[in-house]
Amino acid sequence: MSQKKSYIDGKHILAVDDEEDILETIEDILDTARIDTARDYDSALEKIRNTRYDLAILDIMGVNGLKLLEETVARGIPTVMLTAHAVNPETLMASIRKGAISYLPKETLADLDTLLNDLLGAHERGEPPWKLLFDRLGDYFNERFGENWKQEHKDFWAEFNRTFQIGRGIQERLKHDKNILDKGI
């Protein structure tokens, strides 16, 4: 029986959260990766600007994660937003708009290695990680936000569904992808 490929083993990952126990949990769960941590915006920003990461995991509240997301996207770092207090449709949509590859509630932390492995795998294969997220966590979002939560922002979701393969977030990341820019595309 073949083992599932790991997209996490050996990766250099930045985890940013103002809660030390969350950072320790991430380090424990992703023990096959090299993890750098930061507990505030300024130290995270310095690490983002001075180190090449394969992935960033950013808390939204407490560390200004959405602003840090702009920095990671500008440097071509695939980024996952991880939050407990900002689990709402607005921050989910802001994460998509700003170029995150995923948005995970902290309640899913126990499955972080599996979710990240699958999300990174989709990202590396050029498949839409957001489709994977909604396939896996759609019921969670419906339960948390209400069955018709997308109706309040139906124009956003209609556009998102029309451009699922090359969504705004992917387009934003491509604008900063050195491999594409070097080819003059």
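Here, each number is a calculation from the coordinates, and none is a lab measurement. On a predicted model such as this, the values are computed, not experimentally measured, just so you know. So basically every Cβ, Gly included, is an ideal-geometry build from the backbone, and we count neighbours across all protein chains shown.
Data table
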| item | result |
| --- | --- |
| Subset of the stretch 96-131 [more than 16 Å from T83 (Cβ to Cβ) and either more than 11 Å from the chain's Cα centre (by Cα) or among the polar types (S, T, N, Q) (or both)] | D113, T114, N117, D118, G121, A122, E124, R125, G126, E127, P128, K131 |
| Condition check for D59: closer than 22 Å to F134 by Cβ and in contact (Cβ under 8 Å) with a residue 40 or more places away in the chain | yes |
| Any chance K11 is surrounded by 13 or more Cβ atoms within 10 Å (Cβ to Cβ), more than 16 Å from the chain's Cα centre (by Cα) and basic (K, R) | no |
| Some residue of the stretch 93-111 being loosely packed, with under 15 Cβ neighbours inside 10 Å, farther than 22 Å from L23 by Cα and touching a helix residue (DSSP H, G or I) at 6+ places or on another chain (Cβ under 9 Å) | no |
| When residues of the stretch 117-133 are limited to those that are without any contact (Cβ under 8 Å) to a residue 60 or more places away in the chain and surrounded by fewer than 16 Cβ atoms within 10 Å (Cβ to Cβ), the one farthest from P78 (Cα to Cα) | K131 |
| Selection from the stretch 55-77 of residues that are part of a loop (DSSP other than H, G, I, E, B), surrounded by fewer than 21 Cβ atoms within 10 Å (Cβ to Cβ) and either touching a helix residue (DSSP H, G or I) at 6+ places or on another chain (Cβ under 8 Å) or aliphatic (A, V, I, L, M) (or both) | M61, N64, R75, G76 |
